[in-house]
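Some notes on the structure that comes next.
The values are calculated or read from the model by the stated rules, or taken from the named source; none is laboratory data. Just so it is clear, the structure is predicted and the values come from calculations on it, not from any experiment. Counting neighbours? That spans all protein chains shown, and the Cβs are built from the backbone with ideal geometry, glycine included. We work out accessible area using only protein heavy atoms, side chains counted, and drop any ligands, DNA or RNA first. Shrake-Rupley method; radii C 1.70, N 1.55, O 1.52, S 1.80 Å.
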Amino acid sequence: YLIVDVERANRDPAAYGPDAGEFDPDRSVAPGVLPWGLSLGHGAHACPVHDLLLADARPGAEGGILPRLVGEYLQRGMIPHPERAPEVDDQTERSAWRSYPVLLGAA
């Protein structure tokens, strides 16, 4: 397994300087370093689209595709699986699920 800790990597002072934890769209970086970080939605160098993807998930709320999909699933009765417990990913320092089983159309 390979786990990339994008939270930490996107705040690496060796790559982004002593203020690596601060948002700076005009940041100068060394050759070969991605100025926007490793991912679309993590860290101080996150893409501005992040807010559109992870906006308000309540049904009928404005927002991006991810909250709309989750909202639709919830409206259609998505519930945690009653027989399969979620598993926390204990192989990383990040807060993440290894699995989170659900049932669709259960309600």
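Per-structure values
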| quantity | calculated |
| --- | --- |
| Fully extended contour minus Cα-Cα distance, from Val33 to His81, at 0.36 nm per residue | 13.1 nm |
| Arg76 accessible area, 1.4 Å probe, all protein chains in place, Å² to nearest 10 | 150 |
| 5 angstrom amide H check on Val102, placed H, neighbours 5+ away | His81 |
| Förster radius 30 Å - calculated FRET efficiency between Val88 and Ile65, Cβ distance, rounded to 0.05 | 0.70 |
